[in-house]
1. Tell me which of these Q37 doesn't satisfy, since it passes every other one: (1) assigned to a helix (DSSP H, G or I); (2) touching a strand residue (DSSP E or B) at 6+ places or on another chain (Cβ under 7 Å); (3) within 25 Å of Q300 (Cβ to Cβ).
2. For L403, work out the one condition from (1) surrounded by fewer than 17 Cβ atoms within 10 Å (Cβ to Cβ); (2) part of a helix (DSSP H, G or I) it doesn't fulfil.
3. Considering only residues of region 65-114 that are without any contact (Cβ under 8 Å) to a residue 60 or more places away in the chain and basic (K, R), which is surrounded by the fewest Cβ atoms within 10 Å (Cβ to Cβ)?
4. Quick one: which of D186, D164 is assigned to a helix (DSSP H, G or I) and charged (D, E, K, R)?
5. So S121 passes all but one of these: (1) buried (at least 17 other Cβ atoms within 10 Å of the Cβ); (2) without any contact (Cβ under 8 Å) to a residue 12 or more places away in the chain. Which condition number does it fail?
6. Out of H62, H58, which single residue is loosely packed, with under 15 Cβ neighbours inside 10 Å and either within 16 Å of the ligand (Cβ to nearest atom) or within 21 Å of G281 (Cβ to Cβ) (or both)?
7. Which of the residues that make up region 341-392 are β-branched (V, I, T) and closer than 21 Å to A204 by Cβ?
8. Output the residues belonging to region 199-230 that are within 15 Å of N388 (Cα to Cα), away from the ligand (no atom under 11 Å from the Cβ) and either among the polar types (S, T, N, Q) or surrounded by 24 or more Cβ atoms within 10 Å (Cβ to Cβ) (or both).
Amino acid sequence: MGVRKMKINQVKPDFPIFKQQVNGQPLVYLDSAATSQKPQVVIDAISHYYQTANANVHRGVHTLSDKSTLAWTESRQTIAQFFGAKPNELIVTRNTTEAINGVAYGWALDHLKPGQVVMVSMLEHHSNLVTWQEMCRRTGALIKLIPVTPVGELDLDWYGHNIDQQVKLVALSHVSNALGCLTDLDKVSKLARKVGARILIDGAQSAPHMPIDFDKLDIDFLAFSGHKMLGPMGIGGLLVKQELLDSHQMKPWLFGGGMIASVSPEKATFQDNSADRFTAGTPDVASLVGLATACQYLSQIGMQNVFNHDQTLVEYALEQLGQIKEVQIVGPKTNRVGSVAFLYKDVHAHDVAQILDSQGIAVRSGHHCTMPLHTHFGWSATIRASFNVYNTKTDINALMAGLAKVKAVFGK
Ligand SMILES: Cc1ncc(COP(=O)(O)O)c(C=O)c1O
């Protein structure tokens, strides 16, 4: 991808999906927390790989196989560098869910003992909760849920008082997909390290919006999804600290071709290099190339600029939505990243979303895979407007106009 200085308020034309109209209106996409749109360069990179380099990696001596292997290796390097990690610290997965399951099956299954504790929070996406429910069922470990404050932030006081030597893993989202709350990783890790617990951070909603420097963070694992950060669906990653890989505390959880060193009828030995040891079977090279291109695209904008842009939109959305008396914003007003969620007085979230859709505005309504949080607050469903680099204040103005229609339809 050629180097080009990009102004963040001008990137929308890079995303071909916005050429279309939805329900006769220009598309206003406010559902990026579910999945982001893709710039043309990412779509082109995938197509270019299939047109020029498609062959299976590692297994061939022929030129095309070499080309494909190079594309795989270079893409791994680009993605690892984007996250401030070493290439060997990146395990390629399909998404965040698979990455979290990787920690469960590759580390926790061998390390959790009956009676030990996995600490998660009330805010977690189901993929960072159900996985641990299941792993605790298998190992006899126990789950403890860190509660939330009345505005929905992690109750760090409770965490400080309740973390003890029995806690072996603290597994928390960096940014909540339901309420946008940003977790203070410094506080979380200082307390976890005092009791010797491992730390898994679900970066699904932070990776698209803010700089992440994995090697500087005092955490063990970070999970992310490519499709939420302008990359293709079906590709993501788990970053694992080198020490856990070198010491083989983190083990492969998928077995088969590609990851072995030798195989006899009775047993197999595995590749020394962790990049290979964790790649069982034919990988999705084209999607990894697409994700690496998305990382380059974001780097050209600059992740600090991406974050500042997000904060401008979040603040503007909070301010605008705060002016509608029927709207009740849920979650905190500060330390909020990527999205704003709300309730609309006496109108179901799905009805609001449907009326907005009829005007070409895509928002998400429901429990956002955080049922315990919604049950705790007594919300059957919330409406979430979420942002990415292509959104501007104009999109939030369109949302405001869309909500005026809700008022007109329901007479509220
Ligand atoms: C915080 C969080 N964790 C995990 C996930 C699961 O991501 P994926 O479906 O890409 O595995 C999501 C998806 O919305 C999320 O928002």
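None of the figures in this text is laboratory data; all of them are computed from the coordinates on show. Just so it is clear, the model here is predicted, and its values are computed rather than measured. Heads up, the Cβs are rebuilt from the backbone with ideal geometry, glycines too, and the neighbour counts pull from every protein chain shown.
1. That leaves (1) as the condition not met.
2. For L403, the exception is condition (1).
3. Ranking the candidates gives K113 first.
4. Residue meeting the stated conditions: D186.
5. The failed condition is (2).
6. Working: H58 fails: loosely packed, with under 15 Cβ neighbours inside 10 Å.
Going through H62, H58 in turn, the sole match is H62.
7. Let us first name the residues in region 341-392 that are β-branched (V, I, T), namely 347, 352, 355, 361, 363, 370, 375, 382-383, 389, 392.
Listed by number, the residues that qualify are V363, T370, T382, I383, V389.
8. Result: H209, L230.
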